[in-house]
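Contents: one structure, followed by commentary.
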Amino acid sequence: MTRDRDPAGRPRNARPRDGLGRPLDRATDPGAAADRIPDDLVITGAEAAALADRLLRDGRPFHAHEVLEAAWKHGPATERDLWQGLAQIAVGLTHARRGNARGAVTLLGRGVQRVRGYQDGGGFQDRGGSGRAAEREASPFGMNIASFLAAADDLAARIERDGLERIPAADLSPGLLGAR
């Protein structure tokens with residue numbers, strides 16, 4: 001069987017996927033497959049933050065990862081580590097939902113470190129010219145980075161200590177934006 005390709009010849013995977021991003025058989029009823037995030041999604045930082053937050057809260061971290069990946073691919077190079085780190089955390093949450101404790105802990109930790117490296121490297125800028133850079137550092141694009149990273153760190157530690165079986169499903173759906 002030949003590989004799916006887009007009009008430019010780049011590889012694509014058009015197979016239907018379940019809610020956690022696992023490929024389904026091509027013969028699967030299209031109504032049974034989860035909605036896909038378009039491979040060519042172009043999205044602003046604020047739009048990515050809002051959509052990823054909704055997907056994470058809805059228990060769809062694989063799809064949140066795809067949104068965050070689009071933000072890193074199409075956003076400014078100066079934000080790449082932010083979006084890549086957040087996408088890695090979303091993949092860690094996907095592993096947790098799929099029952100892969102080791103993968104969850106690894107990706108949650110890797111993502112947290114990447115975002116912290118972005119923060120430490122002065123990645124958060126005062127984009128609005130208001131002089132409130134410290135305020136923006138805590139919430140670029142409305143995201144509550146400190147809370148999100150704390151939740152990811154806590155989750156990784158709990159998975160390592162107690163395993164996935166004792167983690168409530170709600171703990172696998174942390175919000176990315178401020179309190180709702």
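The values are calculated or read from the model by the stated rules, or taken from the named source; none is laboratory data. The structure displayed is predicted, hence computed values, not measured ones. Counting neighbours? That spans all protein chains shown, and the Cβs are built from the backbone with ideal geometry, glycine included.
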Ala146, sole failed condition from (1) within 17 Å of Arg116 (Cα to Cα); (2) outside the structural domain of Gly111 (by TED's automatic domain parsing): (2)
Can you work out which of the residues in the stretch 107-129 that are in a loop (DSSP other than H, G, I, E, B) and crowded, with 16+ Cβ neighbours inside 10 Å is modelled with the lowest pLDDT? Phe124
Residues of the stretch 39-62 satisfying the condition of being farther than 20 Å from Arg114 by Cα and part of a helix (DSSP H, G or I): Glu47, Ala50, Leu51, Arg54, Leu55, Arg57
Quick check on this structure: which one of Ala104, Ala151, Ala87, Ala70 is under 16 Å from Thr44 (Cα atoms), in a helix (DSSP H, G or I) and modelled with pLDDT of 95 or more? Ala87
